[in-house]
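Colleague: Attaching a single structure in structure tokens format; questions to follow.
Computed from the coordinates by the stated procedures, all read-outs in this text should not be read as laboratory data. Predicted, not measured: the structure shown is a model, and the values here were computed from it. Here the Cβ is made from the backbone with ideal geometry for all residues, glycine too, and neighbour counts use every protein chain on show.
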Amino acid sequence: MKHLTRAVLLTSVLALAACSNPDRFQGNEVNLGGGAGGPGSASDPTSPLYFQQSVGDRVLFAVDQSNLGSDAQITLDGQAQWLMTNSDYTAIIEGHADEQGTREYNLALGARRANAVQEYLIQQGVSPSRLKVVSYGKERPIEICSQEACYAKNRRAVTVIAADYNS
Amino acid sequence: MMKRFLTLLSVFFCLLGGQPLAAAPLRIEITEGVIEPLPYAVPDFVAENAAAGTVARDLARVVAEDLSGTGLFRDIPASAHISKITSFSSPVEFADWKAINAQALITGAVSLQSGGRLVVKFRVYDVFAGQELGNGLQFAGTQDGWRRMAHKVADAVYSRITGEGAYFDSRVVFVSETGPKDDRKKRLAIMDYDGANVQYLTDSSSIVLAPRFSPTGDRILYTSYETGFPQIYVLDVASVGRRVLEQQAGTMSFAPRFSPDGRAVVYSLTQGGNTDIYKMDIGTGRSQRLTSAPSIETAPSFSPDGRRIVFESDRSGTQQLYIMSADGGEPQRISFGQGRYGTPVWSPRGDLVAFTKQSKGRFHIGVMRTDGSEERLLTASFLDEGPTWSPNGRVIMFTRESQGANGSASLYTVDITGRNLKRVKTISGASDPAWSPLQD
């Protein structure tokens, strides 16, 4: 069961990763047909890809902070709505920190951030049983420069959509 | 590997006749912070049979690397030697060693016997006193353990001259790192203190963090994302078998360390976004909560007597160091300087706490007394963190991460005097070192 869940999760993560890589058609507003507008595509509002790209899968934090700013709350309102509409999915909220900090502290800080998102989504009506949290501390940066421009993007909580692991 | 191969035989070699008393004993006081290293000579060991020729040379070189690597000693190269040591039992020509200002002379002999058994003998001389420093010693073991025998020789020399415990025959467990910053692969690995004999303990399929040795070096605690969530594992070094230590649904556990008796583990557990410190009895699996605050409490480390725990907390608003009883209770803050303090580690002697300090955009490794006084910063860089103590409490190893998109992690050592900063040779990136106790 657990293996299946992880396999499904992995597949969806890979799919998201693949689609987030810009290719030469991206930005072209003309739908070229084929599978591009079909179920599961970025234009299907019930797809995890739509959640990632249109709803917005992540919120950012100030240095050492885990409170949610107004931009973050708007994104999370959208996430909550999507999750309540698409009840077949669950989510894992990943908390992250930038590299400017010690390893253990950053793990704890990432957990605070993921938890802040989880609590907010629950307040908006998402069932707690559909949400899990994990912290990666500073282990999984997406931006690699050692400047604030990169740090700002790494101080994040990402809501990763998964197939329902209870079903 | 090579767990029980060394048998230490303390063999008394006959003294070389009556010796005059030395005027001043050959001695280095480490606490002073040695500026001028002590010159010594360690000629190639005498090969007592033809098969021992290569290892006789290699042994002497590892002894020299150990001693000179401390920054306390300086090897006089063979090209400057006047005398050659061709027989282990012949009298030493002290005048020849005095002439090149070798204050200490180390001689040795090696024989490789049937079945791959290696026998190493050595003597240490105080050249200017014209006498042996302590008695000759002999070690025997298997041939593939020759580096350990060299470390044993260097340990004995170091102890005799400094009067302190040594650290060369020790190991380091660490996280081996490969790949770019945004796709880094981490594996648990173990090596000799000098970077030799690397052995991998896990594959790179899961993130692994911050391994820690048990007090006897037989087990390792570490954190792994094997289940998708960080959890603490305990690994048996001999069998490389492992089991999960702490696994409650909906929690994360990390930052484990053994108690000095090896029976308990202190660690952090995160639940509902809040991180506190817990202690678990390894035998029963029963755990006890030691802190209960809405702030982050992590990186706990026992005092050597097991009665107290130093840890970091941001209850004041920033990361600072605190000490509490090993059973919990009200902690005392010990760090009061400018900046943030984390990853405290109690010294083996009990007198100091090593830590990571973050101040004005720089990271430092430092030490302070356990009441917070006499803070000394030993390093400064873009990112230094995670100190670990040498078994004798004189050297600290830590992680240094270089800046930028191509940044990578390496291991460094520095004396607690702040001298002798050196990179440890590793074949890939490396982080999160933990130094073992001196091996038996």
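Colleague: With +1 on each Lys and Arg Cβ and -1 on each Asp and Glu Cβ, and nothing else charged, work out how big the dipole of region B:32-172 is about its Cα centre, in Debye to the nearest 20.
Modeller: 360 debye
Colleague: Across region A:106-123, in residue order, what do the Karplus-derived ³J(HN,Hα) couplings come to in whole Hz, using 6.51 cos²θ - 1.76 cosθ + 1.60 with θ = phi - 60° and x for Gly and Pro?
Modeller: 5, 5, 5, 5, x, 5, 4, 5, 4, 5, 4, 5, 4, 5, 5, 5, 5, 4
Colleague: Let me ask something else. Three principal axis extents, largest first, for the C-alpha atoms of region B:317-361, in Å?
Modeller: Taking the Cα atoms of region B:317-361, the three principal extents are 35, 25, 14 Å.
Colleague: If you don't mind, there's one more thing I want to ask. Return the lysines within reach of B:Lys360: Cα separation strictly under 27 angstrom, same-chain partners fewer than 8 residues apart disregarded; answer none if there are no such residues.
Modeller: Leaving aside lysines fewer than 8 places away in the same chain, those within reach of B:Lys360 are A:Lys138, A:Lys153, B:Lys181, B:Lys422.
Colleague: Taking a quarter of the surface of the convex hull around the Cα atoms of region A:77-167, what do you get in nm²?
Modeller: Spelled out: convex hull of the Cα atoms, projected over all directions, averaged, 6.0 nm².
Colleague: If you don't mind, another one. Tell me, what does the Kirkwood hydrodynamic radius of region B:202-269 come to in angstroms if you use every pair of distinct C-alpha atoms?
Modeller: Across region B:202-269, the inverse of the average 1/r is 12.0 Å.
Colleague: Another question about this same structure. In whole Hz and in residue order, list the ³J(HN,Hα) couplings for region B:243-258 that follow from phi through the Karplus curve 6.51 cos²θ - 1.76 cosθ + 1.60, θ = phi - 60°; x for Gly and Pro.
Modeller: For region B:243-258, the Karplus-derived couplings read 9, 6, 9, 9, 8, 9, 4, x, 10, 10, 10, 6, 6, x, 8, 6 Hz, x marking Gly and Pro.
Colleague: Note down the nm distance, to one decimal, between modelled labels 7 Å out along Cα→Cβ at B:Ala380 and at B:Thr86.
Modeller: About 5.6 nm, to one decimal.
Colleague: On each of the three principal axes of the Cα atoms of chain B, give max minus min coordinate, whole Å, ordered largest first.
Modeller: Principal extents (Cα only, largest first): 73, 47, 44 Å.
Colleague: Something else now. Can you tell me, using C-alpha contacts under 8 Å and at least 6 residues apart, the relative contact order of region B:158-226 as a whole percent?
Modeller: Relative CO of region B:158-226 lands at 23 percent.
Colleague: Which trypsin sites (Lys or Arg not before Pro) in region B:400-440 pass both tests, a DSSP loop state and at most 16 other beta-carbon atoms within 10 Å?
Modeller: Sites meeting the loop and neighbour criteria: B:Arg419, B:Lys425.
Colleague: Loop-only check: which GluC sites (Glu not before Pro) in region B:289-396 are DSSP coil with at most 13 other Cβ within 10 angstrom?
Modeller: Sparse-neighbourhood loop GluC sites (Glu not before Pro): B:Glu374.
Colleague: Then there is this: Which lysines does B:Lys121 reach when only Cα atoms under 26 Å apart count, and residues fewer than 8 places away in its own chain are ignored?
Modeller: Straight-line reach from B:Lys121, under 26 Å: B:Lys3, B:Lys84, B:Lys98, B:Lys152.
Colleague: Taking the alpha-carbon set of region B:221-369, what are its Rg and Dmax in Å?
Modeller: 15.3, 46
Colleague: Same structure again: Hey, what number do you get for the protein assembly as shown at 222 nm if only DSSP H runs of n ≥ 4 count, each worth -39500 (n - 2.57), divided across all residues, to the nearest 500?
Modeller: -5500 deg cm²/dmol
Colleague: What translational diffusion coefficient, to the nearest whole µm²/s, does region B:85-173 have by Stokes-Einstein, given a Kirkwood radius computed over alpha-carbon pairs, a temperature of 10 °C and 1.306 mPa s viscosity?
Modeller: It diffuses with D of about 112 µm²/s by this estimate.
Colleague: Whole Å is fine, so just give me how far the alpha carbon centre of region B:182-203 lies from that of region B:60-124.
Modeller: 32 Å
Colleague: In the protein assembly as shown, how does Rg compare with the Kirkwood Rh, expressed as the Rg/Rh ratio over alpha carbon atoms?
Modeller: Rounded to two decimals, Rg/Rh equals 1.06.
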